[in-house]
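A short write-up of the structure that comes next.
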Amino acid sequence: MKKKPIEYFRMFYADTVLGGSASALRCGLDFFGADKIVFASDCPFDPEGGPMFIREGIRSVEALKLPAADKRKIYFGNALKLLRLPARTKARKPSR
């Protein structure tokens, strides 16, 4: 291996679905960084069919009082980057 094993682990993406634990999310952020955390990628595989992981994920992210830029990365920016989707710069108007 060209790198230490820990450096390969840092290349993974992590998820916010941690049972709503803000302290576990803080640990993940400290290890992976805000650029490698994606929001609720397990949805809809929670006991409620999706809403619980979303609700608890939002609660844990907001509990950490992160900078707006980090929250933007976690909520959708990192997923766009990971999936190689274009970032939209303007809100789309609903079609009629």
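Structure notes:
- Counting only protein heavy atoms and a 1.4 Å probe, the chain has 74 square angstrom of accessible area per residue.
- On Cα atoms only, tilt of 51-63 relative to the major axis of the chain in degrees: 70 degrees
- Given [x] 16.2; [y] 7.8; [z] 8.4, the label whose value is mean projected area of the Cα convex hull in nm² derived from this model: [z]
- Tilt relative to the chain, helix 22-32 - C-alpha long axis, 0 to 90 degrees, to 10: 60 degrees
- Most mobile listed residue (GLY28, GLY50, GLY20) in the chain, GNM with C-alpha springs under 10 Å: GLY50
- The chain, relative contact order in percent, only Cα pairs under 8 angstrom and at least six apart counted: 27 percent
- Every helix of 4 or more DSSP H residues in the chain counts as -39500 (n - 2.57), and over all residues that averages to -11000 deg cm²/dmol at 222 nm.
- Heavy-atom accessible surface of region 1-63: percent carbon and sulfur, 1.4 Å: 64 percent
The values are calculated or read from the model by the stated rules, or taken from the named source; none is laboratory data. A quick note: this is a predicted structure, and the numbers were derived from the prediction, not measured. We work out accessible area using only protein heavy atoms, side chains counted, and drop any ligands, DNA or RNA first. Shrake-Rupley method; radii C 1.70, N 1.55, O 1.52, S 1.80 Å.
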